[in-house]
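Asker: My questions will all concern the structure given below.
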Amino acid sequence: MSVLRVMVGAAGLALLGVGVSLLLDVRDLTDVLVWLGGAVVLHDVLIAPLVLLVGLGLVRGDVRGPVRGALLVAGALTAVALPPLLRPGPRGNSSVLPLDYPRNWLLALVAVATVTAVLVTVQGVRRSRRRPPS
């Protein structure tokens, strides 16, 4: 097992501990558990099948992996952003959701698409350099 894998695993366990400690401070744990269950159902029923279908049907060759990864990240970002995105109308307390969440969500999706495009381009350039001239 590599050192990097052990370090990433340790960081993941540390973050898991932070999450559990934050859950212990929640007054109404039922709402949190319902939200987490809904996130799992959203992923398993909608996001994962959609990513697989798009990856199988629309994308060919070596770009399939990066596109699937980008779709998975975009779906997860959307699932996390849904509560503030679906909150209707103006708020009585402007400090509750003070940011422009739709704009920030779109910027995050653009960043995912940009990183994916750069990755696919770099892979294509590397692949073309490896091929001997005919």
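Asker: Taking the chain as the reference, fit the longest principal axis to its C-alpha atoms, fit the long axis of helix 64-86 to the helix C-alpha atoms, and give the angle between the two in degrees, 0 to 90, nearest 10.
Answerer: Approximately 20 degrees, to the nearest ten.
Asker: What 222 nm value per residue comes from the helices of the chain, counting each DSSP H run with n ≥ 4 as -39,500 (n - 2.57) and dividing by all residues, nearest 500 deg cm²/dmol?
Answerer: Details: 5 runs with 99 residues, N = 134.
Calculated mean residue ellipticity at 222 nm is -25500 deg cm²/dmol.
Asker: Right, something else. Please report, for the Cα atoms of segment 44-83, the Rg to one decimal and the Dmax as a whole number; what are they, in angstrom?
Answerer: Radius of gyration, then largest Cα-Cα span, for segment 44-83: 10.6, 36 Å.
Asker: Ignoring ligands, DNA and RNA, what percent of the 1.4 Å accessible area of the chain is carbon and sulfur?
Answerer: 71 percent
Asker: Something else now. With a cut-off of 8 Å between alpha carbons and a minimum separation of six or more residues, what is the relative contact order of the chain in percent?
Answerer: 21 percent
Asker: So, one more: Before I look further, what does segment 13-99 give for accessible area per residue, probe 1.4 Å, in whole square angstrom?
Answerer: 72 Å²
Asker: Still on this structure: So what are the chain's ellipsoid semi-axes, whole angstrom, largest first, if each one is the square root of 5 times an eigenvalue of the alpha-carbon gyration tensor?
Answerer: 35, 22, 16
The values are calculated or read from the model by the stated rules, or taken from the named source; none is laboratory data. Not measured: the values here are computed from a predicted model. These accessible areas exclude ligands, DNA and RNA; they are computed on the full protein's heavy atoms, side chains included. Shrake-Rupley method; radii C 1.70, N 1.55, O 1.52, S 1.80 Å.
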